[in-house]
Amino acid sequence: FQVFTNGHFITSEVAAELRRLGNVTPLISVEGTEIISDERRGRGNVLSQTMQGIQNCLDNKVFTGVCTSLCRTNIDDLLTDKWVDRLIEMGVLYTWFHVYRPMGPDACPDLCLTPEQQVRVRKFVVETRARKPIAVIDAYHDGAGKALCPAATGISHHINPWGGIEPCPIIQFASESIYDDPDVPDGQQRTLGEKMVQSEFLSDFRQLAQQTTRGCIVLERPDLLKNLVVKHGSQDTTARQTALSELEKMEVRTSQYHPGQEIPEKSWAYRLVKKFFYNDFGVYDGHDHGATSAPGVLELPTVVVEDEPVSV
């Protein structure tokens, strides 16, 4: 089980319990420098508490990862060899760079990466995987560099703190729960796997995402996602209960899908793993995303990928 967290509540005692359980890996989010972290989280002393949570995990020998939601204010600080080298020196076993998505009541679309910056992220990940002794997670591309969405393929879904089963961490709507249905006899309760496979909401989400884009449907077509949520009457799983109105305010923008600008893996190990264990599993076959994806809707020009070393 992968736990997404800022690490603030991971004391040494909590880390020791994670170690005892043995099947949990915390993925701790670092959003930038002290100033940027405080701005992103809306309070002070964020980075130091996060770094202490990471250290508590490492001291207790927990399989620990560090992720960053890249945006315009932190990409130059964290998408660098210097930052990756620091994680390696600390003993972090894997890192994950994903792009900022303007969700929530105080979303800031101006922080979203440009198409050129999105391609820059992919290029850095590919280069780093081939050069650095740390696992670099990339959930958004196959071995050939073609974009994909893990929730669209059914590789994974997300369980929120209240037990709701969501398409992914940023789509905070659910129609099913991990908990037993009190109106169903014990012998007829569904397993977690059955709920994920049989859920009409999740099934329709996967089909919609597959038909619309190889990228992130939240970024590219929030309008279609909103219609799906309304159709199923799915529950807003946020504490603030404003997720639907927030989704309605979002605009079409690009994600990891940049047709014609695919950057294949350089590392043979990653190519091999993705070929057999992490790809689109054919779910996009037969779908034309030219008119429905963000690049088509926005009629964007081709992004040029220059063949030059990534910044360090």
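Pairs of Lys residues in the chain are counted when their Cα atoms are under 13 angstrom apart and they lie 8 or more places apart or on different chains; the count is 8.
Nearest 20 debye, what's the magnitude of the dipole of the chain about its Cα centre given +1 on Lys and Arg Cβ and -1 on Asp and Glu Cβ?
Values: 31 positive and 42 negative charges, 129 e Å.
The calculated dipole for the chain is roughly 620 debye.
Under a 10 Å cutoff between Cα atoms, tell me which one of Gly91, Gly215, Gly22 has the largest fluctuation in the Gaussian network model of the chain. Looking only at Gly91, Gly215, Gly22, the biggest GNM fluctuation is shown by Gly22. Put +1 on the Cβ of each Lys and Arg and -1 on the Cβ of each Asp and Glu in the chain; which of Gln211, Thr25, Ser245 then has its Cα farthest toward the positive end of the dipole? Result: Thr25. For chymotrypsin sites (Phe, Trp or Tyr not before Pro), the sites in segment 119-179 that DSSP calls loop and that have at most 14 other Cβ atoms within 10 Å are Trp162, Tyr179.
Can you put Phe281, Phe63 in order of Cβ neighbours within 10 angstrom, beginning with the fewest? It would help to have the intermediate numbers written out before the result.
Working: Phe281 12, Phe63 16.
Placing the least packed residue first, the sequence is Phe281, Phe63.
For a protection proxy built on the mean count of beta-carbon atoms within 10 angstrom, sort 272-279, 9-16 highest first, please.
Working: 272-279: 13.9, 9-16: 15.9.
So the order, starting with the most tightly packed, is 9-16, 272-279.
Ranking of Ser177, Ser234, Ser199 by neighbouring Cβ atoms within 10 Å, starting from the fewest: Ser177, Ser199, Ser234.
By DSSP, what percent of the beta bridges with both residues in the chain are antiparallel, rounded to the nearest 5? Antiparallel: roughly 35 percent of the beta bridges in the chain. Only helices enter the 222 nm calculation for the chain: every DSSP H run of n ≥ 4 contributes -39,500 (n - 2.57), and dividing by all residues gives -11000 deg cm²/dmol, rounded to 500.
Under 1.5 on a/c is rounded, so check that first for the chain, then, if it is not, pick prolate when a/b is larger than b/c and oblate when it is not; a ≥ b ≥ c are the square roots of the alpha carbon gyration tensor eigenvalues. Display every interim value, and only then the final one.
Working: a/c = 1.41, a/b = 1.06, b/c = 1.33.
Since a/c stays below 1.5, the shape of the chain is classed as rounded.
Have a look at Thr50, Thr153, Thr238 and tell me which one the Gaussian network model of the chain (Cα, springs below 10 Å) gives the largest fluctuation. Most flexible of the set in this elastic network: Thr238.
None of the figures in this text is laboratory data; all of them are computed from the coordinates on show. This structure is a prediction, so every number in the text was calculated from the model and none was measured. Reconstructed Cβ throughout: ideal geometry from the backbone, glycine too, with neighbour counts over all protein chains shown.
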